[in-house]
Amino acid sequence: MRVHGGVAPRALGLGTEGAFAVLARAREIERRGRDVVHLEIGEPDFATPAHASEAAFAAIRAGETGYCPAPGLPELREAAAAELSRTRGVPVAPERVLVANGAKPFLFFGVLATCEPGDEVVYPDPGFPIYESAIRFAGATPVPLVLREARDFAFSVDELAACLTDRTKLVILNSPQNPTGGVLDRATVAAAAGVLREGPAWVLSDEVYGRLLYEGEFCSVASEPGMLERTIVLDSFSKTYAMTGWRCGYAAVPEPLVEPLTRFLVNATSCVPPFVQRAGIAALTGPQDGVAAMLAEFRARRDLVVEGLRSLPGVSCRVPHGAFYAFPNVEAVPLRADALAERLLDEAGVALLSGTAFGAAGEHHLRLSYATSRERLAEGLERMRAFLEAL
């Protein structure tokens, strides 16, 4: 006789993030007394801006610890709409801005709100692993759009066009990119918009690293004519303001999707804590010097990491133009990337990720997060050198 109902197969099939699994292994190694250089997790090692934290403390002292509107505080929706309008160059109404517990709910619920079994979703490969996880959970078919190293990890617009069929319901774009640090230039974004306008598919543009750009100007597909009306424009406080643990993100949403996505938020989380949202308002509307200082430090770290990687035997590395990741090519190393990543952790005490954690097109690559101090980055590179030279 069965005494329980078992576990739903689709729950067991839900994907995850390799970074958290590697972090857990690295922490276990540290508990055994060994030192580990952490290059696996995508989390800024900076403090949340003080004025944002103070806004949260003030809100708690004022008693803002209860429920609030599920779509977000009106003041945060207004501040986010103003920020999106300014940075994307298109008018975004506060009524079309929703607030969630980070960016991930918009990825997951965005797929669930637009896709059913039999639909197809185009997504970047290599790309953030939650994209494919959400697509498969919804019963839709994932269609990878390959980001090619030879194109500086951009995609070919011709290949994008070839991915689109009459079953394509959603196209996911990401720039600046995780895991490659690649950035789509204006010509590519404009050409992609031209292709996308020819069909009915929704677009989800993941722009959470939009302020972490080292050269050139940020380009959003939503800025192209006719695209805002079909695009979920996703942003977050996590990376820009070093607020990963606060769990607060926001998105500009096409009018037909506002109500369905709000219903998902009501069912899943009720609301983002109001004191967290007060911190978000302060982050958006207060001094931005902390963002500028963080970006300058990330640029210096990027240069250190790229130079160091290029000096390692069997390793080449393109210069990332955004985010805080390097995606070196290790095809010339006599180990597969997944085995190399595992041995670097176990034998050299360097925690990083295999490119295959981000899709099949990540083969022959590693992902390093340089969201740690220059001293630790230099130590990690030296440990990698010693390991590779001993192979």
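The values are calculated or read from the model by the stated rules, or taken from the named source; none is laboratory data. In this text, all values refer to a predicted model and were calculated from it rather than measured experimentally. We place every Cβ from the backbone using ideal geometry, glycine too, and count neighbours over all the protein chains shown. The accessibility values were calculated without ligands, DNA or RNA, using every heavy atom of the protein model including side chains. Shrake-Rupley method; radii C 1.70, N 1.55, O 1.52, S 1.80 Å.
Considering Val333, Val350, which residue is touching a residue at least 24 places away in the same chain (Cβ under 8 Å), over 16 Å from the mean Cα position of the chain (by Cα) and surrounded by fewer than 22 Cβ atoms within 10 Å (Cβ to Cβ)?
Val333
Across the range 361-389, what is the number of residues that are open to solvent by 30 Å² or more (accessible area, probe 1.4 Å), outside any helix (DSSP H, G or I) and closer than 16 Å to Val333 by Cα?
Adding up the residues that qualify gives 2.
Which members of the range 355-376 meet the condition of being farther than 14 Å from Leu23 by Cβ and small (Gly, Ala, Ser)?
Selection gives Gly355, Gly359, Ala360, Ala361, Gly362, Ser373.
Would you be able to say whether some residue in the range 28-49 is out of contact with any strand residue (DSSP E or B) (no Cβ under 9 Å at 6 or more places or on another chain), farther than 25 Å from Thr372 by Cβ and among the charged types (D, E, K, R)?
No - not one qualifying residue is present in the range 28-49.
Out of curiosity, is Glu54 modelled with pLDDT of 95 or more, within 30 Å of Leu377 (Cβ to Cβ), open to solvent by 50 Å² or more (accessible area, probe 1.4 Å) and part of a helix (DSSP H, G or I)?
For Glu54, the condition - modelled with pLDDT of 95 or more, within 30 Å of Leu377 (Cβ to Cβ), open to solvent by 50 Å² or more (accessible area, probe 1.4 Å) and part of a helix (DSSP H, G or I) - is not met.
Looking only at residues that are in contact (Cβ under 8 Å) with a residue 40 or more places away in the chain and among the aliphatic types (A, V, I, L, M) in the range 142-158, which one is surrounded by the fewest Cβ atoms within 10 Å (Cβ to Cβ)?
Looking at the filtered set, the residue picked out is Val146.
Would you point out which residue out of Arg343, Arg299 is assigned to a helix (DSSP H, G or I), closer than 30 Å to Gly216 by Cα and open to solvent by 20 Å² or more (accessible area, probe 1.4 Å)?
Arg299
Out of all the residues in the range 115-131, which are assigned to a helix (DSSP H, G or I) and under 20 Å from Leu196 (Cβ atoms)?
Answer for the range 115-131, where residues must be assigned to a helix (DSSP H, G or I) and under 20 Å from Leu196 (Cβ atoms): just Tyr131.
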